[in-house]
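I have placed the structure first, in the form of structure tokens, so that the comments after it can refer back to it.
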Amino acid sequence: MANSSKCPNASCDSTEFESVVGTPNNSSIKLLFIRCNSCGTVVGVVDSQYYIDASENI
Ligand SMILES: [Zn+2]
């Protein structure tokens, strides 16, 4: 693992990400999607109710 997070998209290589709250189809839960700021590839999903705890471990 590299020290800095990098987009898994080989043709992108961006190191900047954004978080977007979304709700999957057929679901009422809110998820926090971590995605590439450049190409939009989702690199992680966090249940938003755990986001506060999880953010301390990222
Ligand atoms: Zn990307």
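Working only within the stretch 1-15, note down all residues that are among the hydrophobic types (A, V, I, L, M, F, W, C) and more than 16 Å from the ligand (Cβ to nearest atom).
Within the stretch 1-15, the subset among the hydrophobic types (A, V, I, L, M, F, W, C) is 1-2, 7, 10, 12.
Within the stretch 1-15, just Met1 meets the criteria.
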Any pair with Cβ under 8 angstrom, 6 or more apart, that starts in the stretch 5-31 at a residue that is among the charged types (D, E, K, R) and ends at one that is more than 15 Å from the ligand (Cβ to nearest atom) and modelled with pLDDT of 95 or more: none
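State the number of residues belonging to the stretch 16-41 that are near the ligand (Cβ under 9 Å from one of its atoms) and surrounded by 11 or more Cβ atoms within 10 Å (Cβ to Cβ). Break it down stepwise before answering.
First pass over the stretch 16-41, keeping only residues near the ligand (Cβ under 9 Å from one of its atoms): 16-17, 35-41.
Subset that is surrounded by 11 or more Cβ atoms within 10 Å (Cβ to Cβ): 17, 35-41.
Number satisfying all stated conditions: 8.
The values are calculated or read from the model by the stated rules, or taken from the named source; none is laboratory data. These numbers were taken from a predicted model, which means no experiment stands behind them. Backbone-built Cβ (ideal geometry, glycine too); neighbour counts: all protein chains shown.
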